[in-house]
Amino acid sequence: MAVNTALSVGNVQFLDCDVEKPNAHLLLHPTISLTEPVCVSVPVVNGELCDHCGECAQFCHYNALFVGSEKVLVFPELCHSCGGCVLVCPRKAITEQGRRIGTLKLGSAGDLELVYGELEVGESMAVPVIREVKRRIVDGKDVILDSSPGASCPVVETVRGSDFSVLVTEPTPFGLHDLRIAVRVLENMRVPFGVVINRAGVGDRGVYEYCEEKGIRVLLEIPFQRRIAQLYSRGIPFSAEMPEWKEKFRAFFDEVRRLVGG
Amino acid sequence: MKQLTVLSGKGGTGKTTVTASFAVLAGNAIVADCDVDAPNLHMLLHPRIVETREFKGSKLAILDKSKCVECGLCRKRCRFGAITERFEVDPIACEGCGVCDLVCPVNAIALSERISGHAYISKTEHGFMSHAMLSPGEANSGKLVTLVRQNARILAERESSDMVIIDGPPGIACPVIASVTGVDLGLAVTEPSMSGIHDLERVLQLLGHFGVRPLVCVNMSDINEENTRKIVSFCKERDVEVVGGIPFNRVVTEAMVKGKPVVEYAPRSDAAAGIGRAWKRILSLLEL
């Protein structure tokens, strides 16, 4: 959905914030111009200065430090990089160093600029990688962000600061259930939103009834068609092969622009 | 007790459909829904909740305006941008680290526990179920997953069940890691699309990283047979067993609409047969 919109509208910045499993580049085949490590700060304890008072471990809400009688253990994968341990240490024995948790990539495909992040396998925190991707937002262009599914912190981090959010769902009970949850997240965040129904024609009417009842705008419906599914499975954005869809995606984006008043 | 986690890189590959059918085929397994931010399994298994527990996964800074002198130290030190210009705490950004409380010279900030969700123990027609619901937008789903798995283990012991079937969340980050550590088998459900293959690679790497034996099941295997062949040969190269394919069949969506596991709704369908074959193979691998 996000890729097809970007390709149809053109000249936008595309941010793939689904850093656990970025996929947009598989469809866009960008030329990569920059690859950079994404690092987070983690504590390093200077054993000569440390007197094992235990203040750091007591402070840390994530249990990322353990102070033994001889040694301080750091569990970097639990650390949220808040910097509290450095502040609390009475002997100034703690400093911070960068630890790589992912990779940031910048590239272009035609007139699209693509930014995406890749979380290293085995790393648990997607949010710092998403933040890094979003730091590359440039002023003056429309920005389309592709979020991960679900309703927890990676989604919240992606949506934060957006003018508008598009919820893509399918007309099934699972789709409706997850849609309701996502709507609650966006209502809490006070981000305006609309719905796109993918695979229209399968399932039931629950999603339509829910949207009508809540007064949520259905911005676009993409029917369940074997041709669309097959193009997708081959890694081809279907609007590239079905030009009538380019128009629909453009109209959809114009509608979004109108709704945010831009 | 043996543990199986069903997972997928991307969402919507049919993970929950497979898990629900496994629950029926198993008869007396404990089922754990670890997709805590968007759980779906309950819609097919219809659990009756017998016990609810609050989940306090994180803390939140509370700023007392009457004490605050607006010195700005908390704003300066907060690395999550959670203190606004008007000296209010943004509950969405706050990660509950306590740095603001630490640096506040007038003690205007305190940390409070926040209820980030609920954990449930339930009964279904096919045995007990452990599940949860993370409050929308909350963090720390990994911790809640750990709680769901703990509850499942306790249930397995109490009910003398020899198996826990875990429905994992999509992705590869904290809740997924919490869903796969220490399990006996990880079944990756994928679909034959380019992104499905790409995501499968990441999931297999993750299972390898945590030393979990991987298995692969291809859902909607006949939608793109060339890609299905690609997945099979790709798995062969990596010595990963493919336990079978589930052909595309509209009864799968129909079963979902009716709120039933597909092996119950359409037991004679090819889709149910595919799931059944995968299940048999899993049982023999687990020596059950």
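Peptide B:91-102 is shielded by partner chain Cβ atoms: per residue, an average of 5 of them sit within 10 Å of its Cβ. Remark on the range B:80-170: ratio of C-alpha radius of gyration to 2.2 N^0.38 Å is 1.53.
Computed on the range B:58-114, the Cα convex hull volume stands at 67 Å³ per residue.
Taking Cα centre as origin and charging only the Cβ of basic (Lys, Arg, +1) and acidic (Asp, Glu, -1) residues, the dipole magnitude of the protein assembly as shown rounds to 200 debye.
Computed from the mean reciprocal separation of all distinct C-alpha pairs, what Kirkwood hydrodynamic radius does the range B:207-275 have, in Å? Roughly 13.3 Å, rounded to one decimal. The mean sequence separation of alpha-carbon pairs under 8 Å and at least six residues apart, normalised by the residue count of chain A, gives a relative contact order of 22 percent.
Mean residue ellipticity, 222 nm, helices only, the protein assembly as shown: the sum of -39500 (n - 2.57) across DSSP H runs of n ≥ 4, divided by residue count and rounded to 500, is -10500 deg cm²/dmol. Inter-part distance, the range A:10-72 to the range B:1-22, computed on C-alpha centroids, equals 29 Å.
Rg to Rh for the range A:107-237: what is it, with Cα atoms only and Rh by Kirkwood? Over the Cα atoms of the range A:107-237, Rg/Rh equals 0.98. Centre-to-centre separation between the Cα atoms of the range B:109-145 and those of the range A:82-107: 30 Å. Positive end of the dipole of the range A:13-146 (Cβ unit charges, origin at the Cα centre): among A:N23, A:C89, A:I130, the Cα lying farthest that way belongs to A:C89. Please compute, over every Cα-Cα pair in the range A:82-164, the percentage with a separation greater than 20 angstrom. Beyond 20 Å sits 48 percent of the P(r) for the range A:82-164.
Cysteines in chain B that lack a partner Cβ within the 4.7 Å cut-off: B:C34, B:C68, B:C71, B:C78, B:C94, B:C104, B:C174, B:C217, B:C235.
Mean silhouette area of the range B:152-278, derived from the convex hull of its C-alpha atoms and averaged over all directions, reads 8.7 nm².
The value for the protein assembly as shown of Rg(Cα) / (2.2 N^0.38 Å) is 0.98. From the Kirkwood radius over Cα pairs of the range A:163-262, Stokes-Einstein at 10 °C and 1.306 mPa s returns a whole-number translational diffusion coefficient of 110 µm²/s.
The residue among B:P192, B:G9, B:A110 whose Cα reaches farthest toward the positive pole of the charge dipole of chain B, with charges on the beta-carbon of Lys, Arg, Asp and Glu, is B:A110. The shape of chain B can be summarised by an equivalent ellipsoid whose semi-axes, obtained from the alpha carbon gyration tensor, come to 41, 21, 16 Å from longest to shortest. Highest GNM mean-square fluctuation among A:V74, A:V127, A:V218, for chain A modelled with Cα contacts below 10 Å: A:V74. Here the average projected area of the convex hull drawn through the C-alpha atoms of chain A stands at 16.5 nm². Put simply, when B:91-100, B:165-174, A:41-50 are sorted by average Cβ atoms within 10 angstrom per residue, most first, you get B:165-174, B:91-100, A:41-50. Hydrodynamic analysis of the range A:13-146 uses the Kirkwood radius over alpha carbon pairs. Inserted into Stokes-Einstein at 4 °C and 1.567 mPa s, it gives a translational diffusion coefficient of 78 µm²/s. Remark on the range B:191-241: hydrodynamic radius 11.0 angstrom, per the Kirkwood mean of 1/r across alpha carbon pairs.
What's the angle, to the nearest 10 degrees (0 to 90), between helix A:173-189's Cα axis and the longest principal axis of chain A? So the inclination is approximately 60 degrees.
Coordinate-derived values only; no laboratory data. Bear in mind that the values here come from a model prediction, so they are computed numbers and not experimental data. Glycine also receives a Cβ, built like all others from the backbone with ideal geometry; neighbour counts cover every protein chain displayed.
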